[in-house]
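Nothing in this text is a laboratory measurement; each read-out follows from the coordinates by a stated rule. All values derive from a computational prediction rather than experimental measurement. For neighbour counting, all protein chains shown are included, and Cβ atoms are generated from backbone atoms with ideal geometry for every residue, glycine included.
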Amino acid sequence: MKIEVRKARRHRNGRTILDAEGLVIESGTIAAVIGLNGAGKTTLLRAVSGLESEAGDDILYDDETQIPHDRIAHLTQSSYLFDMTVRGNVLLGLRGKGFSETEMDAMAVDALKRVGMEAFIDKKARTLSGGEAQRVTLARTLVMKKDLLVLDEPSSATDIQGAELMEDLIQSVNKENGTTVIMTTHNPSQALRLADMIVFMSGGRVLEWGHPAKLLKDPQNEETMKYFRNWRIDDV
Ligand SMILES: Nc1ncnc2c1ncn2[C@@H]1O[C@H](COP(=O)(O)OP(=O)(O)OP(=O)(O)O)[C@@H](O)[C@H]1O
Ligand SMILES: [Mg+2]
């Protein structure tokens with residue numbers, strides 16, 4: 001799904017926390033939104049997925065103004081699992097779509113395998129650690145096969161191995177299904193590895209966006225430069 005944020009503004013307590021315009025995310029690509037705490041990344045994602053829409057938003061979805069809620073999955077920064085088994089949680093995303101119980105179960109097992117959580121399938125979700133829960137939540141989100149995936153810090157709580165699995169999974173869902181992905185991360189190396197495009201935000205504004213290598217090597221904005229310099233990344 002192609003996304004065009006022509007205008008999205010949010011004001012809270014007399015402050016402008018989002019003032020985004022002129023951002024285009026092509027269909028089938030992965031866009032990583034990066035920036036410091038409070039830059040407006042989550043606010044932008046919530047506007048794009050329609051989790052929090054407001055009058056005055058001017059966002060196009062495949063050139064249409066209507067938000068296609070049923071084609072969008074949003075993994076929030078703190079997503080919660082329901083008080084049931086891991087399997088039950090993943091199945092939630094599949095019910096009512098015309099799959100048989102056997103098909104749904106195979107899909108759930110496959111998704112859990114891909115995040116390295118198949119051994120936990122019959123465990124109660126509330127017994128999982130933070131990183132384990134995050135892996136299951138991603139599996140639950142990805143199994144739904146939507147056209148747009150909005151992922152807010154999908155691997156913030158996982159260990160390196162978990163993050164790697166998640167990256168592989170996000171990438172394969174993107175490649176296999178042509179799913180457009182908009183994600184945030186505080187790990188610029190992850191953004192450079194995964195994304196076709198990086199969006200740098202600061203103070204609610206999209207300061208710069210473009211090809212990862214180009215942004216890293218030739219940032220046009222002083223703040224983007226500083227951000228990358230702080231991370232001491234010199235190779236892609
Ligand atoms: N409902 C709200 N009321 C008041 N201020 C808000 C509200 N939601 C967000 N903000 C403020 O807006 C700014 C942007 O918040 P946002 O959650 O989008 O940041 P972020 O870039 O996702 O940060 P992080 O990296 O910490 O997740 C922050 O300064 C935050 O405190
Ligand atoms: Mg955030």
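Counting just the residues of the range 47-80 that are among the polar types (S, T, N, Q), in a loop (DSSP other than H, G, I, E, B) and closer than 20 Å to Ile170 by Cβ, which one comes out nearest to ligand 1 (Cβ to nearest atom)?
Restricting attention to the range 47-80, the residues satisfying the condition of being among the polar types (S, T, N, Q) are 49, 53, 65-66, 76-79.
With the extra rule that they be in a loop (DSSP other than H, G, I, E, B), the set shrinks to 53, 65-66, 76-79.
Applying the additional criterion that residues be closer than 20 Å to Ile170 by Cβ yields 76-79.
Numbers: Thr76: 11, Gln77: 6, Ser78: 10, Ser79: 14 Å.
Residue satisfying both the conditions and the ranking: Gln77.
Arg6 passes all but one of (1) in a loop (DSSP other than H, G, I, E, B); (2) over 28 Å from Ala157 (Cα atoms); (3) touching a residue at least 12 places away in the same chain (Cβ under 8 Å); (4) not aromatic (Phe, Trp, Tyr); which number fails?
Every listed condition holds for Arg6 apart from (1).
Filter the range 17-46 down to the residues that are part of a strand (DSSP E or B), under 17 Å from Leu215 (Cα atoms) and within 16 Å of ligand 1 (Cβ to nearest atom) and list them by number.
Passing the criteria: Leu23, Ala31, Ala32, Val33, Ile34.
Select from the range 177-236 the residues that are of a type in the set (S, T, N, Q) and within 16 Å of ligand 2 (Cβ to nearest atom) and write down the one among them that is surrounded by the fewest Cβ atoms within 10 Å (Cβ to Cβ).
That would be Asn187.
Listed here are the residues, each with its yes/no results for (1) among the β-branched types (Val, Ile, Thr); (2) over 17 Å from Lys2 (Cα atoms); (3) out of contact with any Lys or Arg (no Cβ under 8 Å at 6 or more places or on another chain).
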{"site": "Leu138", "(1), (2), (3)": "no, yes, yes"}
{"site": "Gly162", "(1), (2), (3)": "no, yes, no"}
{"site": "Met166", "(1), (2), (3)": "no, yes, no"}
{"site": "Thr179", "(1), (2), (3)": "yes, no, no"}
{"site": "Leu194", "(1), (2), (3)": "no, yes, yes"}
{"site": "Phe200", "(1), (2), (3)": "no, yes, yes"}
{"site": "Lys214", "(1), (2), (3)": "no, yes, yes"}
{"site": "Lys226", "(1), (2), (3)": "no, yes, yes"}
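If Thr158 satisfies every condition in (1) assigned to a loop (DSSP other than H, G, I, E, B); (2) touching a strand residue (DSSP E or B) at 6+ places or on another chain (Cβ under 9 Å) but one, which is the exception?
The single condition Thr158 does not satisfy is (2).
When you go through Leu138, Leu151, Leu92 one by one, which is the residue that is crowded, with 17+ Cβ neighbours inside 10 Å and more than 16 Å from ligand 1 (Cβ to nearest atom)?
Leu138
For the range 1-41, how many residues are surrounded by 19 or more Cβ atoms within 10 Å (Cβ to Cβ), more than 24 Å from Lys145 (Cβ to Cβ) and within 16 Å of ligand 2 (Cβ to nearest atom)?
Residues meeting the conditions: 9.
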